[in-house]
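Undergrad: Pasting a structure here, questions to come.
The values are calculated or read from the model by the stated rules, or taken from the named source; none is laboratory data. Owing to the predicted nature of the structure, the values given are computational and were not obtained by experimental measurement. Here the Cβ positions follow ideal geometry from the backbone for every residue, glycine too, while neighbour counts run over all protein chains shown.
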Amino acid sequence: MKTSRIFLLAAIVALISFSFTFQPAQTVSSAGPATKLRNINNQAFKRGEKLKYRIHYGVIDAGVASLEVANDTMMIAKRPTLHVIARGFTNSVWDKVYMVRDKYESYIDEQAILPWYHIRRVNEGGYKIEHDIAFNHFKKEAIINKIRYATDTNTQDMISALYYARTLDFSSAKKGDLFTINTFFDFENYPLKLKYMGTEIISTSIGKINCYKFHPVMEKGRIFKTEEDMTVWISADANKIPVRLQTNILVGAVKMDLIEYSGLVGTLNKVK
C-alpha cells in the first residue's frame, strides 16, 4: 500500500487502511453451504451518531475527518442496515502539498454488524479510486466488477470493522490479549489484529477521557518502524468511540484527535 494512506484514514479508520500482516485472498469464490448470520447485541452506537476529528502532523494541522451513522435505513437481503459514512480531507494549506478528498460508505447489517455494500471514493494527490464491493455473507464472497472473491466467515470492510470492534467486550481483557477481525480490502483478505494494552487517561481538547488502549499489529518495514507503531485509544464506556489515533512513521508522526461528538448512546467517560 502507498504512503499516501497516511492521510487516507489516518483520518478515519487508519487502523485498517494501512499495511498490516495479511494472507492472500482466493481470487475466485467457491461458495459452499449457505452460512447463517450471527446476531450481535450492539449497545455501542446508533443512528444519528456523529464524530469529528482533527488530523495533524506534529504541531501542524493537516485536515479533518468525520464518522457518521446516518438516519436512513436501507433493506438489503431483506434485512435492515445501518448507513455509515466516513470522510477525510486535507485543509487549504496541506492541499498545496498533497490534497486528499476521501469518502467511504458502508451499509452494515443491523443485527449481524456485517457489511452488505461498501463504497470507496478516493482522491489523493490526483490519484483516484472508485471501488464498490457487494458482500454475500451467506456464500462467503465479495463481488467487485462482477468478479467474485472468496472471503472468510464474518468478513468486514474497512469501515464496518471499526464499528464491529466497538461491540466487543473489553472489560475482562488482559494486557497483551489479541482480538482478530477478518477484513477484506484491496481484493484481499486481511486478519486485522488488535493488541490490548490496558486503560489510560488521555487529555484532549474536550477534556480528560478514560480509554482502552490498543496497538493494531501492522506490517513493519514499509512505512512503519515496528509492528506496534500505531496506537488507538477508544473510550472506556458503553460507546467505545475512537478518541485518539497516533501513528509513528519513518518521517514523523500523524495524529487524529476527537474534537466534536453527538448522538452517543451513553455518556462519554470523562474524568473530573
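Undergrad: Being under 21 Å from the mean Cα position of the chain (by Cα) and more than 27 Å from Ala150 (Cβ to Cβ): is that true of Ala70 here?
TA: On the way: under 21 Å from the mean Cα position of the chain (by Cα): yes; more than 27 Å from Ala150 (Cβ to Cβ): yes.
It is true that Ala70 is under 21 Å from the mean Cα position of the chain (by Cα) and more than 27 Å from Ala150 (Cβ to Cβ).
Undergrad: Keeping to the stretch 63-106, report how many residues are aromatic (Phe, Trp, Tyr) and part of a strand (DSSP E or B). Walk me through how you get there before you give the answer.
TA: Taking the stretch 63-106 and keeping what is aromatic (Phe, Trp, Tyr), we get 89, 94, 98, 104.
Okay, now just the ones that are also part of a strand (DSSP E or B), so 89, 104.
The total comes to 2.
Undergrad: Filter the stretch 42-90 down to residues that are surrounded by fewer than 15 Cβ atoms within 10 Å (Cβ to Cβ) and farther than 23 Å from Thr167 by Cβ, then give me how many there are.
TA: So the answer is 4.
Undergrad: Condition check: of a type in the set (Ser, Thr, Tyr), in a loop (DSSP other than H, G, I, E, B), at pLDDT below 95 and surrounded by 14 or more Cβ atoms within 10 Å (Cβ to Cβ). Does Ser30 satisfy that?
TA: Numbers: of a type in the set (Ser, Thr, Tyr): yes; in a loop (DSSP other than H, G, I, E, B): yes; at pLDDT below 95: yes; surrounded by 14 or more Cβ atoms within 10 Å (Cβ to Cβ): no.
It is false that Ser30 is of a type in the set (Ser, Thr, Tyr), in a loop (DSSP other than H, G, I, E, B), at pLDDT below 95 and surrounded by 14 or more Cβ atoms within 10 Å (Cβ to Cβ).
Undergrad: Right, here's the next one. What number of residues within the stretch 205-231 satisfy the criterion of being modelled with pLDDT under 95 and part of a strand (DSSP E or B)?
TA: Going through the stretch 205-231 one residue at a time, the tally reaches 4.
Undergrad: Is there a residue being surrounded by fewer than 15 Cβ atoms within 10 Å (Cβ to Cβ), without any contact (Cβ under 8 Å) to a residue 12 or more places away in the chain, within 28 Å of Gly266 (Cα to Cα) and out of contact with any strand residue (DSSP E or B) (no Cβ under 6 Å at 6 or more places or on another chain) anywhere in the stretch 181-203?
TA: Scanning the stretch 181-203 turns up at least one residue that is surrounded by fewer than 15 Cβ atoms within 10 Å (Cβ to Cβ), without any contact (Cβ under 8 Å) to a residue 12 or more places away in the chain, within 28 Å of Gly266 (Cα to Cα) and out of contact with any strand residue (DSSP E or B) (no Cβ under 6 Å at 6 or more places or on another chain).
Undergrad: Modelled with pLDDT of 95 or more and of a type in the set (A, V, I, L, M), is that true of Ile108? Even if it seems obvious, please write down each step before you answer.
TA: Details: modelled with pLDDT of 95 or more: yes; of a type in the set (A, V, I, L, M): yes.
Here the answer is yes, as Ile108 does meet what is asked.
Undergrad: While we're on this one: Name the pairs: first residue in the stretch 147-176 and within 18 Å of Lys213 (Cβ to Cβ) and basic (Lys, Arg), second residue modelled with pLDDT of 95 or more and buried (at least 17 other Cβ atoms within 10 Å of the Cβ), Cβ to Cβ under 7 Å, at least 6 apart or on different chains?
TA: Arg166/Ala44; Arg166/Phe45; Arg166/Lys240; Lys175/Tyr196; Lys175/Met197
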